[in-house]
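A short reminder: the numbers here are calculations on the coordinates, not readings from a lab. If you're wondering where the values come from, they're calculated on a predicted model, not measured in any experiment. Cβ placement follows ideal geometry from the backbone for every residue including glycine, while neighbour counts extend to all protein chains displayed.
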Amino acid sequence: MNQYETERRLCWCYGFLSILLGVSVICTAIPYNHWRATLDVCPGSWLENNNCGCVFYGVSTFQYFSGGHNSYCLYAIFAPLPLVAYALVMTLFHMYRVCINNIGKYESEKSTTVEEIEGERIIVTSRTRMSRDNDAVIYCWIPTSSIAAVFAIYNLVHASIMTDGFLKTCQQYRGYLVRELHATGDHATAIHFRLSCQAIFDFMDYIQKDALNSRRGDFINTGIALHLALIASWLAVILWIVVTAYTAIRGYKEREVLTCCGN
């Protein structure tokens, strides 16, 4: 795989990364904005700034179902934005090189010719290269690979926190649902062990009461929105790993230029 093909694939990877991270941000922001007034019922005096309107890390109390601290949702929404900006810049950069400038096409495919000298057939293989002196991008493969690896870890932490908060809310709402429906026996067992989190959030959409002086407005599909956010975030982690691998492999192929030891 030559440099042109590598940059073409990186263009697609960065483009999908910006889309996936954007989906994660939007699909988290919508449920947070929908539920933050309703779930902000955590106990405490007026001196305490609880701010428990986040749909992640919800808690079932004796009287209410309150959300987690708003910082969890704010982190889930705003943490991917620097990654989105970086992915967009890299998408445009590689798109320019591949689609317009073509400087990434610095290594062509092998060409093979057959020559006949004194009755013997000789196979000659050649490879045409553009000058490396004018293409400074080859010096950026290792830094770019390092940045992608850091972003992969960063995105992994982000996705893990979102997933943990999602599961905690789902688990806590199961207990709240059993209490609200006065479920016993097999009914309670089904709610705790058989219903999926999607079904639990469906119950939440329709039976969770508005808090005082709050109005949610129209119903939304909270479960679908949060599942999309989680799926997009974990797919982004995989793509960051792919980008890291592509750039690291390309840096290894250019080791004779990047290091003095390769000469």
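Listed values, structure above:
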{"quantity": "Per-region count, region 74-95, residues surrounded by 15 or more Cβ atoms within 10 Å (Cβ to Cβ) and either of a type outside the set (A, V, I, L, M) or not in a helix (DSSP H, G or I) (or both)", "calculated": "7"}
{"quantity": "Checking residue 17 against (1) touching a residue at least 60 places away in the same chain (Cβ under 8 Å); (2) in contact with a strand residue (DSSP E or B) (Cβ under 9 Å, 6 or more places away or on another chain), the condition it does not meet", "calculated": "(2)"}
{"quantity": "Residues of region 184-198 satisfying the condition of being of a type in the set (Gly, Ala, Ser) and either closer than 16 Å to residue 223 by Cα or not in a helix (DSSP H, G or I) (or both)", "calculated": "185, 196"}
{"quantity": "Considering residues of region 79-96 that are free of Cβ contacts under 8 Å to residues at least 24 places away in the same chain and of a type outside the set (Val, Ile, Thr) only, the residue farthest from residue 29 (Cα to Cα)", "calculated": "96"}
{"quantity": "Residue list for region 154-183, filter: surrounded by 15 or more Cβ atoms within 10 Å (Cβ to Cβ) and not in a helix (DSSP H, G or I)", "calculated": "183"}
